[in-house]
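To start, the structure under review is shown below, and the notes come after it.
The values are calculated or read from the model by the stated rules, or taken from the named source; none is laboratory data. Computed from a predicted structure; not experimentally measured. Ideal geometry is used to build each Cβ from the backbone, glycine not excepted, and the neighbour counts take in all protein chains shown. Heavy atoms of the whole protein, side chains included, go into the accessibility calculation; ligands, DNA and RNA do not. Shrake-Rupley method; radii C 1.70, N 1.55, O 1.52, S 1.80 Å.
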Amino acid sequence: MSAGRKRGLWGTRFGFYLAAIGSAFGLGNLWRFPYVTVENGGGAFVLLYVLFAICIGLPLLIGELMLGKLSRKSVVQASLSLDEGDGKSFASLAPLPRSKTSWAWIGRFSAFACLLILAYYAVISGWVLHFLMQFFFGHLMSGSYDAENSLRVLRENGWLQILLASVHLLLSLIVVAKGVQEGMEKWVSNAMPVFVVLLIVLVTKSLSLQTAPDALRFLFYPDFTKLTPFSMLHALGHVFFTLSIGIGTMVTFGSYLNEQTHLPSAGFRVTSIDTLISLFAGLLIFPLLAGATPKNVGPELLFQTLPGLLQSLDNGFLFGMAFFICLYLAALGASIGLLESVVANVLDMTGLSRAKATWLTGGAAFLFAIIPALSTSSFRRVKIHGYGLLDILDTVLINGILPLAALGLALAVASKLKPASMEAEFVNDDSIATRKMYKHWCFVMRWAAPTTIMLAFLLAGWGIVRTFLFSGI
Ligand code: PHE
């Protein structure tokens, strides 16, 4: 069986879009976007996020898809090929004297980061399962849902979190073990319509609330004085997280694309739909929150404040259930994408069957999930500057490792892929605009994205120094 056949290809043209959007749209949009936006002061941060999604996220997304499509490999093997060259797409054998830097490490770094993010993600998805069940059974048994108590039970019970994370991982494993077409593609095409309908119903309801104008002002009126030295890195990290870039997911998805797919158009569709859905999530959540002063601005924002508010609406039970089902479908779709990209690496590197590779990866993710799952119980005393282990993990993974991996991949693609191959993927002969866009894309990959990411790190570093200086440590 050829490598391509063993790895699989999308069954239909929509297969890629469904999977890429299913993986891009997840807890990042519904759970993380609202609290990061609150932490960074609202409108100005949203503007920064949208700007970075289009100017930095989109070009990097196209670059990762290109690496996958040209190499037909996942990120670990693809980055090894960048050094080895194949005489066709990769520059090592190209006549031009190109960069001698080895980029083999970036693939391993990205794939490992993907495994860690999968583990962290499984724990938060387990939370969603917990609140979904609490909401449902709470209403069934006593006619209401006690948000505070549900959160307390979860926080104090690390084993419960481990159990929930493993149930979630198991569901993702079952889908991924079936293969690209039968598993991920089929699952997403069934879940996506349900998800979209629920989201539209919820947003319509939210926008009909009296608090909607305040929420819109918070979300769209930019007050730049609210930004902090960390906001730039937070916005970039969140763009990479929500678009699923930096950790090889899009390299894997690109490797399943058929020859005819025009990468810039595919990248544009995925980026614009994902960004729109984030803004939709904001429209859903902020009108509800504007009626309350959240007790906890952080990872718990959504679970503590929102369900209580939802159940106070007319037909609150139905809206609450719709919300949690939406959230869980999003979490599962994204986890399937994360798992698929690690499994594809294992498949490329070993001779294992898909089923074995999937279970092996699931086992490793389970082990890594134990630490975040115990963060609010056994490890609750681990704190840096008032931030708990979960906050620290979130920051290290999403605001640290992810931008670094995205930076490495952008430079690897720009310096090692053969210019002629990149141009052929990018430029569509019928459109002069794509030729101009290609030049801009090269500029962003080589200069604009690396400089922006470095600047964001510098600013955040300055922010840390300033915090310590002012707190007198
Ligand atoms: N994009 C997903 C979200 O927003 C998370 C994710 C990251 C999924 C990386 C796959 C790869 O929730």
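Tabulated data for the structure shown
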| quantity | calculated |
| --- | --- |
| All positions within the range 28-46 that are at pLDDT 90 or above and of a type in the set (S, T, Y) | T37 |
| Only one of Y145, Y121, Y49 that is assigned to a loop (DSSP other than H, G, I, E, B) and either at pLDDT 95 or above or closer than 23 Å to L327 by Cα (or both) | Y145 |
| Residue among L352, L389 that alone is in contact (Cβ under 8 Å) with a residue 12 or more places away in the chain and touching a helix residue (DSSP H, G or I) at 6+ places or on another chain (Cβ under 9 Å) | L389 |
| Unmet criterion (only one of (1) part of a helix (DSSP H, G or I); (2) away from the ligand (no atom under 16 Å from the Cβ); (3) open to solvent by 10 Å² or more (accessible area, probe 1.4 Å); (4) touching a residue at least 40 places away in the same chain (Cβ under 8 Å)) for A215 | (3) |
| Failed item, numbered, when S312 is tested on (1) farther than 26 Å from P403 by Cβ; (2) of a type in the set (S, T, Y); (3) modelled with pLDDT of 90 or more | (3) |
| Any pair with Cβ under 7 angstrom, 6 or more apart, that starts in the range 243-269 at a residue that is touching a residue at least 12 places away in the same chain (Cβ under 8 Å) and closer than 12 Å to I21 by Cβ and ends at one that is among the aromatic types (F, W, Y) and open to solvent by less than 10 Å² (accessible area, probe 1.4 Å) | F253/F16; A266/F16 |
| Set L332, L318, L367: member being away from the ligand (no atom under 16 Å from the Cβ), under 30 Å from S79 (Cβ atoms) and either in a loop (DSSP other than H, G, I, E, B) or modelled with pLDDT of 85 or more (or both) | L367 |
| Any hit, the range 260-279, residues being in contact with a Leu (Cβ under 6 Å, 6 or more places away or on another chain), away from the ligand (no atom under 16 Å from the Cβ) and closer than 30 Å to S71 by Cβ | yes |
| Selection count where residues are crowded, with 24+ Cβ neighbours inside 10 Å, more than 30 Å from V465 (Cβ to Cβ) and more than 10 Å from the ligand (Cβ to nearest atom), scope the range 218-259 | 4 |
| Some residue of the range 129-136 being within 16 Å of the ligand (Cβ to nearest atom), crowded, with 23+ Cβ neighbours inside 10 Å and under 20 Å from the mean Cα position of the chain (by Cα) | no |
| Hey, L132 touching a residue at least 12 places away in the same chain (Cβ under 8 Å) and either assigned to a helix (DSSP H, G or I) or among the hydrophobic types (A, V, I, L, M, F, W, C) (or both) or not | yes |
| Residue match in the range 302-315 (condition: within 16 Å of the ligand (Cβ to nearest atom) and either part of a helix (DSSP H, G or I) or over 30 Å from V197 (Cβ atoms) (or both)) | yes |
